[in-house]
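See structure below.
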Amino acid sequence: MSSAPREGGVSGLPPDGLPVGGRIHHVATVVRDLDAAVKFHTEVLGLPLEQIAAVPSQEVRIAFLTAGDSKIELVAPTNSTSGVARFLETKGEGFHHLCLEVADIDAELQRLAATGIQLINAAAVEGVEGPVAFLHPKSCHGILVELIEAPGGPAWKRLGYGDPAQLRIR
């Protein structure tokens, strides 16, 4: 891959402009009532529910619903003091973050840091569906961006994930 910028592009990115193949892993929304939101998305919108999981480290419960080749993540706080609870109180229900899949999350974080992007996570951390890291909205035109490493990537072993085909709620 050439590091020369393409016309209108960014140095170091592949021709399609996204870190890996253009895959949007998921779009996340914050909701007050996870069960009611899941019911709406499954019964009204007809989206299949993939899983519901508690994420104690983030003080949230989440649900993933399949939407074509991508997913929708619903995020609900489990208490009134978490970061998501504060977000919900100040901004209300709605869009929270965009998640892009990358082949090697550590390499991508290094590349982004070298370009001056402000990282929330300097290294990948455990996520429900694989290693993740967040980019600060101040560096992303107001959008919280999450990166997730593609199944079986280098950070999977480092963080103790097993076979991606056997991945279940962590």
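The values are calculated or read from the model by the stated rules, or taken from the named source; none is laboratory data. Treat the numbers as computed from the prediction; the structure is a model and nothing was measured. Note that each Cβ is placed from the backbone with ideal geometry, even for glycine, and that neighbours are counted across all protein chains shown. Only protein heavy atoms, including side chains, enter the accessible area calculation; ligands, DNA and RNA are left aside. Shrake-Rupley method; radii C 1.70, N 1.55, O 1.52, S 1.80 Å.
Quick notes
- Working note: Cα gyration tensor of region 18-138, eigenvalues times five, square-rooted, sorted largest first, giving semi-axes of 25, 18, 12 Å.
- Shown is the FRET efficiency for Ala36 and Thr90, computed with R0 = 22 Å from the Cβ-Cβ distance and rounded to the nearest 0.05: 0.55.
- Heavy-atom accessible area order for Ile148, Ile24, Ile72, largest first, 1.4 Å probe: Ile24, Ile72, Ile148
- Net charge, Gln110 excluded, C-beta distance under 15 Å - Lys, Arg +1, Asp, Glu -1: -2
- Among Cys140, Cys99, the order of accessible area from largest down is Cys140, Cys99, computed with a 1.4 Å probe on protein heavy atoms.
- Region 116-170-region 72-107 distance, computed between alpha-carbon centres (Å): 13
- Nonlocal amide H pairs with Arg61, under 5 Å, H built at 1.01 Å: Val55, Ala76, Thr78
- For His96, distant residues with modelled amide H under 5 Å away: Ala28, Thr29, Val30
- Placed amide H near Val128: partners under 5 Å, 5+ positions off or other chain: none
- The charge dipole of region 11-147, taken about its Cα centre with unit charges on the Cβ atoms of Lys, Arg (+1), Asp and Glu (-1) only, comes to about 380 debye.
- The packing ranking of peptides 113-120, 129-136, highest mean first, is 129-136, 113-120, where packing means the average number of other beta carbon atoms within 10 angstrom of each residue.
- Given a 1.4 Å probe and the protein chains as shown, Lys39 ends up with an accessible area of around 110 Å².
- Gain on full extension, evaluated as 0.36 nm per residue between Ala67 and Leu45 minus their Cα-Cα distance, stands at 6.9 nm.
- Compared with the alpha-carbon gap, the fully stretched path from Thr115 to His141 is longer by 7.9 nm at 0.36 nm per residue.
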